[in-house]
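Coordinate-derived values only; no laboratory data. Small disclaimer: the values here were computed from a predicted structure and weren't measured. Don't worry about glycine lacking a Cβ; one is built from the backbone with ideal geometry, like all the others, and counts go over all protein chains shown.
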Amino acid sequence: MNAKRFAILALLLVFCGLSLAQTGTKKKRPLPYEFGRVVLNNYSEKSDLSPVVFEHWIHRSKFTCRVCHVDIGFAMKAGQTGIRAVDNERGYYCGACHNGKMMVDEKRVFAACSRRVNYEDQKRCDRCHSLGKKVPSDFDFFTFSQPLPKERFGNGIDWEKSEEMGLIKPAAYLDGFTSNKRSLAAQKDFYLNPKVEGMPDIIFSHKKHTVWNGCELCHPEIFMGVKKGSSHYTMVDISEGKSCGACHVNVAFPLTDCQRCHSKPVQP
Amino acid sequence: MTVWRTFKWIRVATLLVVAISMGSVCAVGQGAKKSTVDQDGQQVAQRSTSAHEWQKEFDQVCSTTQEAMSFSENELAKFVQRCDALLPQIEKLDETRKKVYLGRLRMCRGLYAYVLESKRNEKK
């Protein structure tokens, strides 16, 4: 009898526990060296190659966002560009820099895809087609990030400060691709009221954004509203990758770093 | 004998006429061929010039996006038109360049149209 009661009680506890338990899986927070990592697999596995692993941190330290996402033409979402090996071989997309000729920091940038592949080339292919492989890189994240000013989230690097201090010098021009050579006339910064009591206003710095991005990277494809105040942004939308979330979820400092945007002191 | 000689001369003359006419036909043919080659060369040159022209035009139109806010409505409308005129030329390019430049043109045109619309909205 006691055993029966015990079994019923145990079952009740299990049901109660299950009903109270949170559903869904918690998204793993990426480690500093993983933040901004993009895996591309449009054609790789179909061609018996590992998917490409792209690290934003090393590339953003060399070039502004605009050079890659406007001038070279990489889409803002992984897999949307549809890069083929032949595109790289013709000197576009990755092949714009990875052509075996370009020199960066006195190092020759290795060439991307080529039609004829021998055993030596196989190692070169693995440098990008590296998912699930242990491929030695020319750059070690910890050595690279060690002298740079720190931040709490994302890559753990304050990229903006790093540039101000001259520790990184992202190039805004790529020969043969960049049409815009003139510097941008900075637009005014503006405030956005979050309409939540006690929540500091957002100070949107046009200057900070346009120096790295230019205008057409954001307007009109990411921010389409032409009339100020006509578009409404929610944190849910942003966390799903819309508006600010196009960059501030995966690459630029993440949404967990609230005070970086909600930075205007609350008026008493 | 005289008849035979006359006949021989007629034969030689006929052969000469035939040879000359054949030669002239060949010469005309070669000339025509040469002119075709010239025309082809010109066409290739024209094609490459037009190829450079679209690139030049693209660079000119899309190199001023940074200054979009400083342009008047008329200027912006002209930029949009120039972008539209570039579209069919870019669509003729090979797959890679088409993909790259259609994307770039879309962003460039989009910005000019966006600024134009926002300027028109400001006036309302």
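At-a-glance table
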| quantity | calculated |
| --- | --- |
| Inter-site label distance for residue A:188 and residue B:120 at 7 Å from Cα along Cβ, in nm | 2.4 |
| Three-way shape call for chain A based on the alpha-carbon gyration tensor, with the a/c threshold at 1.5 | oblate |
| Prolate/oblate/rounded label for the range A:96-198 (Cα gyration tensor, a/c 1.5) | prolate |
| Using a Förster distance of 25 Å, the FRET efficiency for residue B:94-residue A:38 (Cβ separation, nearest 0.05) | 0.45 |
| Cβ-derived FRET efficiency at R0 56 Å, residue A:12 paired with residue A:122, nearest 0.05 | 0.40 |
| Stretchable slack from residue A:168 to residue A:114, in nm (0.36 nm times residue separation minus alpha-carbon distance) | 16.3 nm |
| Protection proxy ranking, peptides A:93-100, A:126-133, B:91-98, average beta carbon neighbours within 10 Å, highest first | A:93-100, A:126-133, B:91-98 |
| Positive minus negative residues near residue A:89 (Lys, Arg vs Asp, Glu; Cβ under 11 Å) | +3 |
| Three-way shape label, the range A:226-265, alpha-carbon gyration tensor, a/c 1.5 | oblate |
| Per-residue average of Cβ from other chains inside 10 Å of B:100-108 | 5 |
| Helical segments meeting 24 Å axial Cα length and Kyte-Doolittle 1.6 threshold in chain A (DSSP H) | A:2-20 |
| Mean Cβ count within 10 Å, highest first, over the residues of peptides A:109-115, B:54-60 | A:109-115, B:54-60 |
| Residue B:69 versus residue A:153: modelled label distance in nm, points set 7 Å from Cα along the beta carbon direction | 2.7 |
| Separation of the residue A:47 and residue A:143 label points, Cα + 7 Å toward Cβ, nm | 3.0 |
| Peptide A:212-223, shielding by other chains (average Cβ, 10 Å cutoff) | 5 |
| Highest-fluctuation residue, A:204, A:253, A:35 considered, GNM on chain A with Cα pairs under 10 Å | A:204 |
